[in-house]
Amino acid sequence: QVQLVESGGGLVQAGGSLRLSCAANGRTFGSYAMGWFRQAPGKERECVAVIINWSGITYYADSVKGRFTISRENAKNTVYLQMNSLKLEDTAVYYCAAESTGRGFFDPMRYDYWGQGTQVTVSS
């Protein structure tokens, strides 16, 4: 069982930056692929970034490529999402999730554990 707790959301002006954190319990954090997802009102949950286990290889949705950076510190059981040049359309609840095979996927159905989410609101 893995418990995930996100933090770092808030209100920011367009063009600004936020850094989200996701803290996990458990000794095997490094074996999981981690993903950041977001869900805006009336929209489906979408994956924005994935980091696979151990090697730290990353993947990004086209909508955030070049603006968002996912990283992890296995020693701290934490994954981060640095969000720069934020746009109004980035407004959503952001979730982190853990995927047990370690390979990472964009499909949220492949993820085994989820955090409670943190709200990110970008204003004009």
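The values are calculated or read from the model by the stated rules, or taken from the named source; none is laboratory data. Since this is a predicted model, take the numbers as computed values, not measurements. As a convention, Cβ positions derive from the backbone with ideal geometry for all residues, glycine included, and neighbour counts pool all protein chains shown. Remember, those area values only see protein heavy atoms, side chains included, never the ligands or the DNA or RNA. Shrake-Rupley method; radii C 1.70, N 1.55, O 1.52, S 1.80 Å.
Just a few scattered comments:
- Close pairs (8 angstrom Cβ cut-off, 6 or more residues apart or separate chains): closer than 22 Å to residue 120 by Cα and free of Cβ contacts under 8 Å to residues at least 60 places away in the same chain in segment 47-75, open to solvent by less than 30 Å² (accessible area, probe 1.4 Å) and of a type in the set (S, T, N, Q) anywhere: 72/78
- Residue that is farthest from residue 7 (Cα to Cα) [pool: residues in segment 45-100 that are basic (Lys, Arg) and in contact with a Gly (Cβ under 9 Å, 6 or more places away or on another chain)]: 87
- In segment 68-77, the residue that is nearest to residue 57 (Cα to Cα) out of those that are buried (at least 18 other Cβ atoms within 10 Å of the Cβ) and not basic (Lys, Arg) is 70.
- Counted residues, segment 84-97 - those being within 10 Å of the chain's Cα centre (by Cα) and open to solvent by less than 30 Å² (accessible area, probe 1.4 Å): 3
- Selection within segment 1-22 - part of a strand (DSSP E or B) and not hydroxyl-bearing (Ser, Thr, Tyr): 4, 5, 6, 10, 11, 12, 13, 18, 19, 20, 22
- Restricting segment 1-22 to residues that are more than 26 Å from residue 84 (Cβ to Cβ) and either acidic (Asp, Glu) or under 16 Å from the mean Cα position of the chain (by Cα) (or both) leaves a set whose member that is surrounded by the most Cβ atoms within 10 Å (Cβ to Cβ) is 2.
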